[in-house]
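S.K.: Mind having a look at this structure? Questions to follow.
What follows is calculated from the coordinates using simple rules that are stated; it is not laboratory data. Since the structure is predicted, the reported quantities are computational estimates derived from the model, not experimental observations. Every residue, glycine as well, gets a Cβ built from its backbone with ideal geometry; the counts of neighbours run over all protein chains shown.
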Amino acid sequence: MKGSKSGISLVSFCGWDGDTLVLNILGRPRAKKTKFGKVIGHQLEIHVAEQPVRGKATAHLVRFLAEEFDVAETAITVVFGVYNVNKQLRVTAPRRLPAVIAKHFT
């Protein structure tokens, strides 16, 4: 995203800033199951099994992504969108890449 707060320009839903993975997310709260969805434009859709109340869905999303990337929750920073479906997250030194993201880099 040009002009994003992270200082890098993403031409897709994700990109690297050194050892940090930057993700543009389209959150879909109130899902039956938390799971990755499809790529929509410059965002990765993620279905979140939590209500969008006072940041609960974002907190749930961070826990989900921490497990998926095999990092501590503190390694994930919400750059913007804590209370919005449009989010940008930074994952510091992910030890594992989920398939939907790994295939983007191959």
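S.K.: Jot down the radius of gyration and Dmax of the chain, Cα atoms only, both in angstrom.
M.R.: 12.6, 37
S.K.: Starting from segment 58-106, pick out the chymotrypsin sites (Phe, Trp or Tyr not before Pro) whose DSSP state is loop and whose Cβ has at most 16 other Cβ atoms within 10 Å. Intermediate results must be reported in sequence, preceding the final value.
M.R.: Working: sites: Phe64, Phe69, Phe80, Tyr83, Phe105; in loops: Tyr83.
In loop regions of segment 58-106 (DSSP not H, G, I, E or B), the sparsely surrounded chymotrypsin sites (Phe, Trp or Tyr not before Pro) are Tyr83.
S.K.: Amide H to amide H, which residues 5 or more places from Leu44 or on other chains are under 5 Å from it, using H placed in the peptide plane?
M.R.: Distant-sequence amide H within range of Leu44: Asn24, Ile25, Leu26.
S.K.: Using Cα pairs closer than 8 Å and at least 6 residues apart in sequence, work out the relative contact order for the chain, in percent. All intermediate terms of the calculation are to be shown ahead of the outcome.
M.R.: Working: 198 pairs, mean separation 26.7, N = 106.
Relative contact order, the chain: 25 percent.
S.K.: Compare the Cα positions of Ile25, Gln51, Val85 along the charge dipole of segment 14-105 (+1 at Cβ of Lys, Arg; -1 at Cβ of Asp, Glu; about the Cα centre) and return the one farthest towards the positive end.
M.R.: Gln51
S.K.: How many lysine pairs in the chain, separated by 8 or more positions in sequence or lying on different chains, have Cα atoms less than 22 Å apart?
M.R.: So the count of such lysine pairs works out to 14.
S.K.: Let me ask something additional. Counting trypsin sites (Lys or Arg not before Pro) as exposed when in a DSSP loop with at most 13 other beta carbons within 10 Å, what is the longest stretch of the chain free of them? Present the calculation step by step, with values, prior to reporting the outcome.
M.R.: On the way: sites that count: Lys2, Lys5, Arg30, Lys32, Lys33, Arg54, Arg95, Arg96.
Counting at most 13 other Cβ atoms within 10 Å as exposed, the longest clean stretch of the chain is 55-94.
S.K.: Between helix 56-69 and the chain, what is the angle of the helix's C-alpha long axis to the longest principal axis, kept within 0 to 90° and rounded to the nearest 10?
M.R.: 50 degrees
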